[in-house]
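In what follows, a single structure is set out as structure tokens and then discussed.
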Amino acid sequence: MTMISVQDAQIIILELVESLEETETVSLEDATGRILAQPVSSSLDFPYWDNSAMDGYGVRFEDVKNCSSDYPITLEIVTEISAGINPKLSIQSGEACRIFTGAMLPDGVDTIVMQEKTHQEGKKVTVLSPPNYLGEFVRKRGSFYQAGEILLPSGLNINEPEMAVLATAQCSDLQVYRRPRIAILSTGNELITPSQTLQPGQIIDSNQYALKAFVVKNGGIPISLGIVKDQPKIIKQKIIEAINQADCVLSTGGVSVGDYDYIVQILAELGGEIKINRVAMKPGKPLTVAKFNNGCVYFGLPGNPVSALVSCWRFVKLALDKLSGLQSDYQPKFITAISQDNLSSQGQRETYVWGQLKLMNGQSSFSLAQGQQNSANLINLASSNALAILPIGTTKIHQGETVKVLML
């Protein structure tokens, strides 16, 4: 199969993935990170009622609109209202109420005079300068939101701001899309688990843990299927198990052109329609993507840990976003930054180098991770939060020049 461009691979992957339609009900307490499956409305106005945006005095605008330091207006304070109090009286002409931020306005009050513009003595308050306009420092009922309108749309990821909105709207139960189920397996005779004793020639499987963290971070449910030895019958059985219980499968290793790379052949034998076999990127070239009749999308990722993660950050994240029901344009988050280092590439494939994105002197700045930029070197991947991209045909980006950066 022909090696394709990164952009073509992204288009193919997003065309393969279909958003989940299955939903479930969760409590507000369990809603963080979930995707709304139905629009949310409220029977409440926001604010719930007219209230004060400032500590000060509730007045009638007509009483104080013409006052000044030369001609101050003195009003009688007839009550004090703090937040949580339902005022029962009405403020008449010549009267005022002491009021605090968030407190409900009594009848008759249409404007708040901030306390810094007043002088109080006993039950009298003198207004020393007029309010700027009728209704100053008043939060009107329904000015933020009116009952019955759509409060939050479907397809929205529920994070901190949305949790606050849902709580204030008294939404105790929510309809959300179910989480995508993602099977994860690692292939290779050389692999062992972290709890096993390392013998010469063996490699501890880090991919299983990195991909599980990736799936959890992106809203999925990881199904860990462990290490699979390089034996076609065993691999085939494990892949059957994976595609029958998951919406998506992430396997590492076995997708290159070595004698023990069986994944592509097995996927074809099982009826998988192989859409991608190689991508013109570095690291991450040996990426295999296939789809099965039951809708499961299979990602055969490279075995090198950096390659596997770069493939996830560049492609799989977009697939999980769409699969989860999240409404977006499903595009990576690119920005332009100033490179603090000389970046190099052979220029034959779109090249990704990892490092840290920071704000320096008001500009985004990318610094290359120290140590070897090698697809097997996951050590200097720690603390990296961005990938700088050298396009095909670009062999050098010099220090101080701009570079396109993928934010992780």
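The values are calculated or read from the model by the stated rules, or taken from the named source; none is laboratory data. What you see is a predicted model, and the numbers here were worked out from it, not measured in a lab. Ideal geometry is used to build each Cβ from the backbone, glycine not excepted, and the neighbour counts take in all protein chains shown.
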- Query: Listed residues 325, 347; which is surrounded by 11 or more Cβ atoms within 10 Å (Cβ to Cβ) and touching a residue at least 60 places away in the same chain (Cβ under 8 Å)?
  - Reply: 325
- Filtered residue count, the range 64-76, keeping only those that are out of contact with any helix residue (DSSP H, G or I) (no Cβ under 8 Å at 6 or more places or on another chain) and crowded, with 19+ Cβ neighbours inside 10 Å: 2
- Query: Just to be sure, is residue 283 assigned by TED's automatic domain parsing to the domain that holds residue 316, of a type outside the set (Asp, Glu) and touching a residue at least 40 places away in the same chain (Cβ under 8 Å)?
  - Reply: yes
- Message: Testing residue 11 on (1) modelled with pLDDT of 95 or more; (2) assigned by TED's automatic domain parsing to the domain that holds residue 111; (3) exposed (fewer than 14 other Cβ atoms within 10 Å of the Cβ), one condition comes back false. Which one is that?
- Response: (2)
- What number of residues within the range 366-403 are more than 13 Å from residue 343 (Cβ to Cβ) and small (Gly, Ala, Ser)? 7
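Residues checked against (1) modelled with pLDDT under 95; (2) among the polar types (S, T, N, Q); (3) touching a helix residue (DSSP H, G or I) at 6+ places or on another chain (Cβ under 9 Å):
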site: 216; (1), (2), (3): no, no, no
site: 221; (1), (2), (3): no, no, yes
site: 230; (1), (2), (3): yes, no, no
site: 236; (1), (2), (3): no, no, yes
site: 252; (1), (2), (3): no, yes, yes
site: 257; (1), (2), (3): yes, no, no
site: 264; (1), (2), (3): yes, no, no
site: 269; (1), (2), (3): no, no, yes
site: 274; (1), (2), (3): no, no, yes
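Inside the range 98-107, can you point out the residues that are touching a residue at least 24 places away in the same chain (Cβ under 8 Å) and either outside the structural domain of residue 64 (by TED's automatic domain parsing) or out of contact with any Phe, Trp or Tyr (no Cβ under 7 Å at 6 or more places or on another chain) (or both)? Walk me through it before giving the result.
Restricting attention to the range 98-107, the residues satisfying the condition of being touching a residue at least 24 places away in the same chain (Cβ under 8 Å) are 98-106.
Selection gives 100, 101, 102, 103, 105, 106.
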- Message: I'd like the residue in the range 208-255 that is surrounded by fewer than 22 Cβ atoms within 10 Å (Cβ to Cβ) and small (Gly, Ala, Ser) and, out of all such residues, is farthest from residue 196 (Cα to Cα).
- Response: 219
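To keep it simple, each residue is scored yes or no on (1) aromatic (Phe, Trp, Tyr); (2) within 30 Å of residue 325 (Cα to Cα); (3) over 28 Å from the mean Cα position of the chain (by Cα).
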site	(1), (2), (3)
4	no, yes, yes
13	no, yes, no
16	no, yes, no
24	no, yes, no
31	no, yes, no
55	no, no, yes
59	no, no, yes
70	no, no, yes
83	no, no, yes
- Item | residue 87 vs. criteria in contact (Cβ under 8 Å) with a residue 24 or more places away in the chain and either more than 39 Å from the chain's Cα centre (by Cα) or farther than 23 Å from residue 46 by Cα (or both) | no
- Item | Scope the range 256-266; condition surrounded by 19 or more Cβ atoms within 10 Å (Cβ to Cβ) and in contact with an Asp or Glu (Cβ under 9 Å, 6 or more places away or on another chain); matching residues | 262
- Note on the structure: Among strands (runs of 3 or more DSSP E) entirely within the range 23-127, at least 2 residues that are under 30 Å from residue 219 (Cβ atoms) occur in 23-27
- Within the range 90-107, which residues are more than 44 Å from the chain's Cα centre (by Cα) and surrounded by 18 or more Cβ atoms within 10 Å (Cβ to Cβ)? 91, 95, 96, 97
- Task: Might you check whether a residue that is in contact with a Ser or Thr (Cβ under 9 Å, 6 or more places away or on another chain), at pLDDT 95 or above and small (Gly, Ala, Ser) occurs anywhere in the range 139-154?
- Result: yes
